[in-house]
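Derivation of every value follows stated rules applied to the coordinates shown; laboratory data play no part. The structure displayed is predicted, hence computed values, not measured ones. In this analysis, Cβ positions are derived from the backbone assuming ideal geometry, glycine residues included, and neighbour counts consider all displayed protein chains.
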Amino acid sequence: MHPAEALFDALLLLSMVVLAWQGVHARNMFRAVVSFMMFGLLTAVAWVRLEAPDIALAEAALGAGLTGALLLATLGRLKPERRGARLQRAAKLSMLPWLALGLAGTMTLLAVTLALPAPGLGERVLSAMPEAGVDSPVTAVLLNFRAWDTLLEIAVMLLAVIAIWSLGQDVLASTSRLPAPSLPALVRLLFPLLVLSTFYLLWRGGHGPGGAFPAGALLAAGLVLALLAGARVPERMTGAPLRCALAAGLLAFIIIAVGVMAEGGVFFAYPPRHAPMLIAIVEIAAGLSIGVMLTALFLGGEPTDTQGGST
Amino acid sequence: MTVFYFAGALFLLANVVVALARVLRGPTAADRMLSGELMGTTAVAVLLLLYGATGIEAIIDVALVFAILAAMAVVTFVRRTWPEDPAVDNEREQT
């Protein structure tokens, strides 16, 4: 390894530790939020350095897009005296025990990693690839070999939306800040690009890093940008159509999982000749549904109070 | 050539560290947000250089996602977090 390469990694690691520390211990909340967002940025670079572009892509799409927007919007809703509040208890804790704890945790992880069987499951995945129906091993694991896990992940997201929506109404109307006359123009420019990238990542998921989660995050980013620019959920979309869109991913997943039982008799055992098509259907339905669900999380409540306007 | 790419990436990462200092020092929320945006732009450049060094094509996609989502944070910030009256900028610290 060349010195420049090693130095790059060392600097990256150091910045990440500083940012992680700031994210937890910063004296005001805004600083903590910005530190956390920047930590996500560098994490994506770190995943790239570890040659795990799939995870880097998910981190980039979720971290740079929706997580930051959710945290900043939440910060805006907090009362001013709380926003600048020092995190008294956290600040008083000295650095030393945390350092020791972090070191112990890293050592334990290292020991566990070394104790794991050496090649892992990678070889078994690669040997099963001809039956997977897609070229990308990651997508094959997510949507074929371990589709059950992905199904439950989507179910958890839907539950989160239901839980958040049950807490109150949407919060868009209550927050209007500075006038931003150029924002609609920017969104008109960015929204088509984001939708295009959504479908690009969905298509890319079949043979490389991409897939439903990053694609859904990009779609959600586009929709949230439109909401921030002043667009409202169209009235004819609220109620049943919106709820159907939210549940579409999970429904498509379950219908296909149960449907393939007719052929093979096993839950989620795609017949190999239909696998490419079935995976594509699940991927598109899940991607779009994830996009709507993430936007629903940002809305913070079921949109009921619509006074004209459209998306 | 790989060395050149890594030297460039290292230089840009050093810039990120400088931007990090501005994120930590502030003093206003807008300073922190803008240096955060600068870090985002630099990260796109770092990723493209890493692609040059490694040739893994998916890195371009990661850079694309960062570039296309760069506006997201600053738009949310302006619309949701930025105080209505700049005189009562609550993020200002007595440092």
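Which of A:39, A:199, A:267 ends up with the largest GNM mean-square fluctuation for chain A, with Cα atoms connected below 10 Å? Its mean-square fluctuation being the largest, the pick is A:267. Taken about its Cα centre, the stretch B:2-83 carries a charge dipole of roughly 380 debye when the Cβ of each Lys and Arg holds +1 and the Cβ of each Asp and Glu holds -1.
Each residue, residue A:162 and residue A:274, gets one label point 7 Å from its Cα in the Cβ direction; the gap between the two is 2.8 nm. Between residue A:236 and residue A:267, the distance separating the two model label sites (each 7 Å from Cα on the Cα→Cβ line) works out to 3.9 nm.
Quick check: from the Cα gyration tensor, does the stretch B:2-83 come out rounded (a/c under 1.5), prolate or oblate?
Numbers: a/c = 5.59, a/b = 1.65, b/c = 3.39.
Verdict is oblate for the stretch B:2-83.
When N is the residue count of the stretch A:123-311, what does its C-alpha Rg come to as a fraction of 2.2 N^0.38 Å?
Values: Rg = 18.4 Å, N = 189, 2.2 N^0.38 = 16.1 Å.
Rounded to two decimals, the normalised Rg is 1.14.
Per residue, chain A reaches -22000 deg cm²/dmol at 222 nm when only DSSP H runs of four or more residues are counted, each adding -39500 (n - 2.57).
Within the listed set B:24, B:47, B:12, the Gaussian network model of chain B (springs between alpha-carbon atoms below 10 Å) gives the highest mean-square fluctuation for B:24. In the elastic network of chain A, a GNM with C-alpha springs shorter than 10 Å, the most mobile of A:134, A:282, A:260 is A:260.
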